[in-house]
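This report refers to the structure that appears directly beneath it.
Values in this text are rule-based calculations from the coordinates and carry no lab data. Remember, it's a predicted structure, so these values are computed and weren't measured experimentally. Note that each Cβ is placed from the backbone with ideal geometry, even for glycine, and that neighbours are counted across all protein chains shown.
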Amino acid sequence: MYNDPSLYPYAPLHYYAYPPHPYHYAPYWAWDRDYPPVATNQLSNSIALSDIMLKDAALILSKLHDPVVAKQLMSNAQSGNQKEVDHIVHAFGSKSDVVTTYTPSTVQFSLGPKTTGGAPCCQLILSLKWGK
């Protein structure tokens, strides 16, 4: 702090007695860093698939707006019937893979693209509070 040259119009007498502060220099590992070339094709693919997943999330929300469907989902989740919860959610007709998890206070929908192997490019998590 006291050996910062930008604080003084000239170097104070004690300036040369202390070593310079590390933030005056770039870290040693950043001197000759080579970055890979920028390729946006993976990002474009993720954006396109995320658009589909956002539409599916809106579909799930619109279906859960119906009190009958919401009551069915909550009662099956409360009784621990995961098979029926999955059946209700998959009956919504989403184009994405939907994994439903729940606790007594929240329900969480994890939407991912339907892939035939490999790592998924993106994921959308919709978390809704339904209890205290």
Next item on the list: At a Cα cut-off below 19 Å, give the lysines reachable from K63, other chains included and same-chain residues fewer than 8 away excluded.
Entry: K55, K71, K83, K95, K129
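Which order do the peptides 51-60, 35-44 take when ranked by the mean count of other beta-carbon atoms within 10 Å per residue, highest first?
Values: 51-60: 16.4, 35-44: 7.5.
Going from most to least packed, we get 51-60, 35-44.
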Next item on the list: Pop a pseudo-label 7 angstrom from the Cα along the beta-carbon direction at both K132 and V68 and give the gap in nm to one decimal.
Entry: 3.1
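What are the chymotrypsin sites (Phe, Trp or Tyr not before Pro) within region 28-132 that DSSP puts in a loop, where the Cβ has at most 11 other Cβ atoms within 10 Å?
Details: sites: Y28, W29, W31, F92, Y102, F109, W130; in loops: W31, F92, W130.
Loop-located and lightly packed - W31.
What does the net charge come to around K71 if you take all other residues with beta carbon closer than 14 Å to its beta carbon, with K and R at +1 and D and E at -1?
Working: positive: K63; negative: D66, E84.
Around K71, the surrounding residues sum to -1.
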